[in-house]
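Shown next, in structure tokens, is the structure this report addresses.
The values are calculated or read from the model by the stated rules, or taken from the named source; none is laboratory data. Remember, it's a predicted structure, so these values are computed and weren't measured experimentally. Cβ coordinates were reconstructed from backbone atoms using ideal geometry, including for glycine residues, and neighbour counts include every protein chain displayed.
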Amino acid sequence: MGKVWSLLFLMVPVLGVGVFLVAPAYGHWLPKDVSAHGHMIDHLFNFILWLTGGVFVATEIALFWFMWKYDAKRNPQAAKFTHGSHNVEVAWTLLPAATLLFIAIYQMNAWAQVKIFKPDMPATVEVTARQFEWRIRYPGPDGKFDTRDDLFTVNDMHLPVGETVLIDLKSADVLHSFFLPHMRMKQDAVPGSKIPMWVKIKEEGMYDLVCAELCGWGHYKMKGRVTAQSREDFDQWLAQLQAEQERTQEPEKPEE
Amino acid sequence: MAAIPHAHDDAHAHAHEHGREMSLGKFLTTYVFSFDHKVIGLQFLFSTLIWFSVGGLLALGVRWQLAWPWTKMPIVGDLFFSSTGGQISPEFYTMLFTMHASIMIFFVIIPILAGAFGNFLIPLMIGAEDMAFPVLNMMSYWFMWPAFLCMIASFFVEGGASAAGWTGYPPLSSVHSAAPASHTGQTLWVMGLIFVGVSSMMGSVNYMTTIIQMRAPGMTMFRMPMTIWGMFITAILQAFALPVLTAALFMQLMDRTIGTSYFIPEGLIVNGAPAGSGGGQPLLWQHLFWFYSHPAVYIMILPAMGMVSDMISTFARKPLFGYKPMIYSIAGIAGLGFIVWGHHMFMSGMSPWLGTTFMVSTIMIALPSAIKVFNWLATIWAARIQYTTAMLFALSFVSLFIIGGLSGIFMAATPVDIFIHDTYFIVAHIHYVLFGGSAMGIFGGIYFWFPKMFGRMMNEFWGKVHFFLTFIFFNGTFYPMHILGAAGFPRRLADPYHYETFQHLLPMNQFITVCAIGMGASQIILAANMIYSLLKGPKCGRNPWHANSLEWTAPSPPGHGNFDFQPVVYRGPYEYASPLVDDDYFPQTRPPVEGEDKLAHH
Ligand SMILES: [Cu+2]
Ligand SMILES: [Cu+2]
């Protein structure tokens, strides 16, 4: 039976690698990346995948081979009486330690670019998450928030392509998470905090905005949409939004 | 001489001596409110296995919804959800995954490892009569009962059980209007976890004291089996981490009941209702919760690692490779485990600078795990492997833990975590560690120590069938989840398919659900095998596996006081294939043979 069990364990690396080869061919893989920074994340993902894949195959094959070869039923030799080896322990401590340290350092730049080095610019849009929708606010023609000409939409966010935009993320009630799979962006929205995010979108199109943090029974339906469009189209859409909003707004009262 | 349950001849003889009927008081102190560590261990074992099946069924509910969303559930649909025409409501779905995880973590894996195996094995493996504090030990089991009752009751109160995720993040968990679906349920959840914490704390104090104080003559710390090392370091982890969780739980309880605002910020309006008095910080909960719950991941794996090391060495008929490095790496995991909790919070709004430090510590914690894997592999190298069911489960632990360990590196890498955080990649990872790792180790432990627990062997053929099916279906269930995660498929969504991005993943989810049902069904074989073997299994001697450690020198099952002789220990527990003796094993209690001290320094 030792043979059967060894082969069963061999199926782990064989099918394990197989699945990762076949899945992308059938579109079961990272969604298309349309952000300027996304390639750094995808590169790290693939880099770690290759590295861990190598370790995975090597250790699983070793496991299979030892199971196959040292089956008591078929192996006439006595087990080797050894309690370990100092040199071997040192080797397989230092080698992975160096590799892991390298991985840790190698990714720091990508993290800093995406989350730490905030561009010095005013926010293009402010997103306030609440159960179970995304409230989107633009500063309007005066470029300032909290003024009368602020523009509002719900679940329908438009952004210009080809330029860096800054998004301020807030929450009105519980935790939510602003997840744009195609732009490799995710950030929890926390009540009481305003958290900045920035992105440069490369390609026009409509993309899903997903809530990725459990926010209650309606979490699954907290769906938004990002329309990435050229600067002209974006400005035009803003103007249209403003016109609509003015039509429905009450006549202007004297400001305090 | 008091008794131990089941098939213990002395106990039966004893009961007869004193007349036909055992007095009620005697029955209660022997089988129910027993001080005997073995009875308490078995109480934990059976309680947690029952919870295991409850938790598993809840998971199947989750799987049903993800494969065939909003369709009528077969068989149980009409029973439970007659109001919605037999389909799962989003409220109920949220409750399903919350309670699945809460039960599996706090009512199955933690108590089965520490409570069941820890209790049963610690005194036996170190050569003690019982635990240092038997009364405390009994209380640690009975404090689980208020927790059980809270959990059971929460399913029946208005609005149902907790639906705020097993992590119970505020404000969702602490503001009533945020989750009307789990009103009293969430309060009961908090109280249940507090009771589990009290129970664990009693256990861990007891285990530490017992292991330090009660070892048999000659049982030095570095002659203890890895199982004991795993339990010992786990107990230390519990003792340091648990108070933090308990404090956090009390804060949430107060936020929910008496209107404090530890976790609720200023001016929050949830569902139109003003919430709390303000001034709190939602992230504070996450820090406190993960300060416990990350170490808890190791509380859920280190004892299993110890048990697996013992099984592998026994059935490889070869000394454990690198005994001391194995201990140091457990200690390293435990130490580093206290400074990595922030990796659950990379996307939480915590400072990204802080994220960088947690990233480095988290990546480095992969190192001790890697060392353990290499040593297990080296143990079966040049061995003479006996393919028992226990060994197969132990080897599957190694195989699957490799996957769970490696996938952890993806989420430790902060930039990659941006994409895979809260996706099925995480779900795959945790199940490879906690099911592929811990639960497989637990299954192996059941097959391995069952003869000692009950004096009867389990059926090996059906054990192997159980292993084969569990192994196949486990991988079929959880391996594709890596792919789902790579596609960005988020967890905890009642209907992920109304996002266009994820619609093409439905067939894969259906495949997963079929495998999950198969995996659940395979566990019936284990239950049947246990029950049958308990009654009819062939009687075994003291040492059916020809193993070295002390528990195998006691009678099967051991009577009250465990040993019918004073065990004295002369060597470590892994002297298999020693050239000094003719047998391929060399029990810890066998008196020294000529030439042994020379070899010991080798
Ligand atoms: Cu949500
Ligand atoms: Cu963790």
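One residue is enough: does the range A:69-86 have a residue meeting the conditions outside any loop (DSSP other than H, G, I, E, B) and touching a residue at least 60 places away in the same chain (Cβ under 8 Å)? Yes; the residues of the range A:69-86 include at least one that is outside any loop (DSSP other than H, G, I, E, B) and touching a residue at least 60 places away in the same chain (Cβ under 8 Å). Residues in the range B:345-376 that are among the hydroxyl-bearing types (Ser, Thr, Tyr), facing chain A (nearest Cβ under 10 Å) and part of a helix (DSSP H, G or I): B:356, B:361, B:362, B:369.
Annotation: of all residues in the range B:554-579 being in contact with a helix residue (DSSP H, G or I) (Cβ under 6 Å, 6 or more places away or on another chain) and within 14 Å of chain A (Cβ to nearest Cβ), the one that is farthest from residue B:316 (Cα to Cα) is B:572.
Residues that are touching a Ser or Thr at 6+ places or on another chain (Cβ under 6 Å) and either in a loop (DSSP other than H, G, I, E, B) or within 26 Å of residue B:262 (Cα to Cα) (or both) were ranked within the range B:133-159; the one that is farthest from the other protein chains (Cβ to nearest Cβ) is B:143.
Would you confirm whether any residue within the range A:160-182 is facing chain B (nearest Cβ under 7 Å), closer than 27 Å to residue B:410 by Cα and out of contact with any strand residue (DSSP E or B) (no Cβ under 9 Å at 6 or more places or on another chain)? Looking through the range A:160-182, none of the residues is facing chain B (nearest Cβ under 7 Å), closer than 27 Å to residue B:410 by Cα and out of contact with any strand residue (DSSP E or B) (no Cβ under 9 Å at 6 or more places or on another chain). Of the helices (runs of 4 or more DSSP H) lying entirely inside the range B:401-462, not one is found with 2 or more residues being at pLDDT 95 or above and assigned by TED's automatic domain parsing to the domain that holds residue B:113. Counting the residues of the range B:357-379 that are basic (Lys, Arg) and either more than 20 Å from the chain's Cα centre (by Cα) or within 16 Å of ligand 2 (Cβ to nearest atom) (or both) gives 0.
Here are some residues: A:34, A:90. Which one is more than 9 Å from every other protein chain (Cβ to nearest Cβ) and in contact (Cβ under 8 Å) with a residue 40 or more places away in the chain?
None of the other options fit; the residue is A:34.
One residue stands out among those in the range B:380-406 that are hydroxyl-bearing (Ser, Thr, Tyr) and under 20 Å from the mean Cα position of the chain (by Cα): the one that is nearest to residue B:488 (Cα to Cα), which is B:399.
Cβ-Cβ distances below 9 Å connect the following pairs, each with a first residue in the range B:195-218 that is in contact (Cβ under 8 Å) with a residue 24 or more places away in the chain and among the charged types (D, E, K, R), a second residue that is part of a loop (DSSP other than H, G, I, E, B) and buried (at least 19 other Cβ atoms within 10 Å of the Cβ), and a separation of six or more residues or different chains: B:215/B:127; B:215/B:128; B:215/B:224; B:215/B:569. Of all residues in the range B:471-499, those that are more than 7 Å from chain A (Cβ to nearest Cβ) have Cβ atoms under 6 Å from Cβ atoms of residues that are of a type outside the set (Lys, Arg) and outside any helix (DSSP H, G or I), 6 or more apart or on another chain, in B:485/B:423; B:489/B:423; B:491/B:422. Quick check: is even one residue across the range A:20-29 part of a loop (DSSP other than H, G, I, E, B), out of contact with any Asp or Glu (no Cβ under 8 Å at 6 or more places or on another chain), farther than 23 Å from residue B:408 by Cα and not assigned by TED's automatic domain parsing to the domain that holds residue A:163? Checked the range A:20-29: at least one residue is part of a loop (DSSP other than H, G, I, E, B), out of contact with any Asp or Glu (no Cβ under 8 Å at 6 or more places or on another chain), farther than 23 Å from residue B:408 by Cα and not assigned by TED's automatic domain parsing to the domain that holds residue A:163.
Scanning the range B:175-216 for residues that are surrounded by fewer than 24 Cβ atoms within 10 Å (Cβ to Cβ) and touching a Cys at 6+ places or on another chain (Cβ under 6 Å), we see that the one that is farthest from residue B:93 (Cα to Cα) is B:191.
Kindly check whether there is at least one residue in the range A:171-178 that is within 16 Å of ligand 1 (Cβ to nearest atom) and among the aromatic types (Phe, Trp, Tyr).
Yes, some residue in the range A:171-178 is within 16 Å of ligand 1 (Cβ to nearest atom) and among the aromatic types (Phe, Trp, Tyr).
The sole residue among A:77, A:131 that is among the polar types (S, T, N, Q), within 13 Å of chain B (Cβ to nearest Cβ) and out of contact with any helix residue (DSSP H, G or I) (no Cβ under 9 Å at 6 or more places or on another chain) is A:77.
Of all residues in the range A:88-144, those that are assigned to a strand (DSSP E or B) and among the hydrophobic types (A, V, I, L, M, F, W, C) total 5.
Residues of the range A:1-10 that are modelled with pLDDT of 95 or more and either within 8 Å of chain B (Cβ to nearest Cβ) or not in a helix (DSSP H, G or I) (or both): A:5, A:8, A:9. Within the range A:209-243, being within 16 Å of ligand 1 (Cβ to nearest atom) and hydroxyl-bearing (Ser, Thr, Tyr) holds for one residue alone: A:220.
So for the range A:216-237 (the condition being surrounded by 15 or more Cβ atoms within 10 Å (Cβ to Cβ), part of a strand (DSSP E or B) and free of Cβ contacts under 8 Å to residues at least 60 places away in the same chain), does at least one residue qualify? For the range A:216-237, residues surrounded by 15 or more Cβ atoms within 10 Å (Cβ to Cβ), part of a strand (DSSP E or B) and free of Cβ contacts under 8 Å to residues at least 60 places away in the same chain: absent.
Working carefully through the options B:358, B:338, B:374, find the one that is away from ligand 1 (no atom under 16 Å from the Cβ) and touching a residue at least 60 places away in the same chain (Cβ under 8 Å). None of the other options fit; the residue is B:338.
Being outside any helix (DSSP H, G or I), more than 9 Å from every other protein chain (Cβ to nearest Cβ), away from ligand 2 (no atom under 16 Å from the Cβ) and not polar (S, T, N, Q) is the filter here; which residues of the range B:274-330 pass it? Across the range B:274-330, the qualifying residues are B:274, B:276, B:279.
So which of A:241, A:214, A:151 is within 7 Å of another protein chain (Cβ to nearest Cβ), more than 16 Å from ligand 2 (Cβ to nearest atom) and hydrophobic (A, V, I, L, M, F, W, C)? So that I can check it myself, show each step before the final result.
Numbers: A:241 fails: within 7 Å of another protein chain (Cβ to nearest Cβ); A:151 fails: within 7 Å of another protein chain (Cβ to nearest Cβ).
Just one listed residue meets the conditions, A:214.
For the range B:78-111, the set of residues classified as part of a helix (DSSP H, G or I) and among the small types (Gly, Ala, Ser) consists of B:82, B:83, B:101, B:102, listed by residue number. State all residues of the range A:5-31 that are of a type in the set (Phe, Trp, Tyr) and touching a residue at least 24 places away in the same chain (Cβ under 8 Å); if no residue qualifies, say none. Scanning the range A:5-31 gives A:5, A:9, A:20.
Of B:342, B:335, all but one fail to be buried (at least 23 other Cβ atoms within 10 Å of the Cβ) and part of a helix (DSSP H, G or I); the exception is B:342.
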